[in-house]
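Undergrad: Here it is: the structure, laid out below.
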Amino acid sequence: MSTFKTKAARVAVPAVALGLAFVTPGIASAHEGHGDHGNSDKGKGVVAASVQLRQLNHSGARGHGVLVLRGNQATIAFTARGVLAKAPHAQHIHIGAQGRCPSQKADTSGDGIVNTTEGHPFYGHIGTSLTTSGDTSPASGLAVDRFPTPKNTSYTYKRTITVTSDVAASIRTGKAVLVVHGIDPNHSGKYDGAAPSDLDPSLPLEATSPAACGTFRPHQGGYDRNLGLSLGLDLGLNRR
Ligand SMILES: [Cu+2]
């Protein structure tokens, strides 16, 4: 977790991260995600899933997206709106639990915030880190310099990566959850506050707490281009 040492939001946005997150035309052909390429033929055809991001922790964040899975190769595109500007937003596919998002009742500590750990019984642990470049394993879960850091309060993320077999299986069975992190409940315009993060006590709780969450809902019949287009997210797939 040492890559998230920067006291978060006060650091200037790395231009390279912005470029990859917001300007990349079309779909990156990168396959630098970790994962078991040997199993990639094991998939059961093409699966498309959509996701609606809803706010957690009264963040006001929301969004929507699509994901197309071919074997273990996932092309994902989503928008997030209403997030804290000029702050990095860690984002992951969580797996291994109920495949759903917590309500505020998950705040078992009673501090008013559903932190990432309190959400684990619902959405599970990190399966994939949705970084803007490089490694996508759980080890990059807090790689702050490789997560979207929007100039304003919204961003679009798009990338093609190789996911592990357990992540692919979770997507196919509707048990994979998209979580966007980073909240500002005291409206200071940055990640601050005395409360430490449950993930890394050197960080503020605000930096890692969930802002928005949604389950990937697999659709029958494979990828329908209209699905992506109706969401304003043309994945560039299914062209003839
Ligand atoms: Cu996460």
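The values are calculated or read from the model by the stated rules, or taken from the named source; none is laboratory data. Here the structure is a predicted model, which is why all the values come from computation and not from measurement. For neighbour counting, all protein chains shown are included, and Cβ atoms are generated from backbone atoms with ideal geometry for every residue, glycine included. Keep in mind that these areas ignore ligands, DNA and RNA; they rest on the heavy atoms of the full protein, side chains included. Shrake-Rupley method; radii C 1.70, N 1.55, O 1.52, S 1.80 Å.
Undergrad: Looking only at residues in the range 119-130 that are open to solvent by 20 Å² or more (accessible area, probe 1.4 Å) and either within 13 Å of the ligand (Cβ to nearest atom) or in contact with a strand residue (DSSP E or B) (Cβ under 9 Å, 6 or more places away or on another chain) (or both), which one is nearest to S103 (Cα to Cα)?
TA: Top of the filtered list is F122.
Undergrad: Oh, and also: Within the range 143-174, can you find the residues that are within 15 Å of the ligand (Cβ to nearest atom), in a loop (DSSP other than H, G, I, E, B) and either basic (K, R) or surrounded by 24 or more Cβ atoms within 10 Å (Cβ to Cβ) (or both)?
TA: Answer for the range 143-174, where residues must be within 15 Å of the ligand (Cβ to nearest atom), in a loop (DSSP other than H, G, I, E, B) and either basic (K, R) or surrounded by 24 or more Cβ atoms within 10 Å (Cβ to Cβ) (or both): F147, P148, V163.
Undergrad: Shifting gears a bit: Just a yes or no: is a residue in the range 131-140 within 16 Å of the ligand (Cβ to nearest atom), surrounded by 19 or more Cβ atoms within 10 Å (Cβ to Cβ), under 20 Å from G63 (Cα atoms) and at pLDDT 95 or above?
TA: Yes, that holds for at least one residue.
Yes/no per residue for (1) of a type outside the set (A, V, I, L, M); (2) under 17 Å from V83 (Cβ atoms):
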site: A97; (1), (2): no, no
site: Q104; (1), (2): yes, no
site: V114; (1), (2): no, yes
site: G141; (1), (2): yes, no
site: D145; (1), (2): yes, no
site: K151; (1), (2): yes, yes
site: T156; (1), (2): yes, yes
site: R159; (1), (2): yes, no
site: T162; (1), (2): yes, no
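Undergrad: Also, I was wondering about something else. Report, by residue number, each residue of the range 177-210 that is of a type in the set (A, V, I, L, M), more than 18 Å from S154 (Cα to Cα), more than 12 Å from the ligand (Cβ to nearest atom) and part of a loop (DSSP other than H, G, I, E, B).
TA: At the first step, the residues of the range 177-210 found to be of a type in the set (A, V, I, L, M) are 177-180, 183, 194-195, 199, 203, 205, 207.
Checking the rest, the ones that are also more than 18 Å from S154 (Cα to Cα) come to 177, 194-195, 199, 203, 205.
Now restrict to residues that are more than 12 Å from the ligand (Cβ to nearest atom): 194-195, 203, 205.
Across the range 177-210, the qualifying residues are A194, A195, L203.
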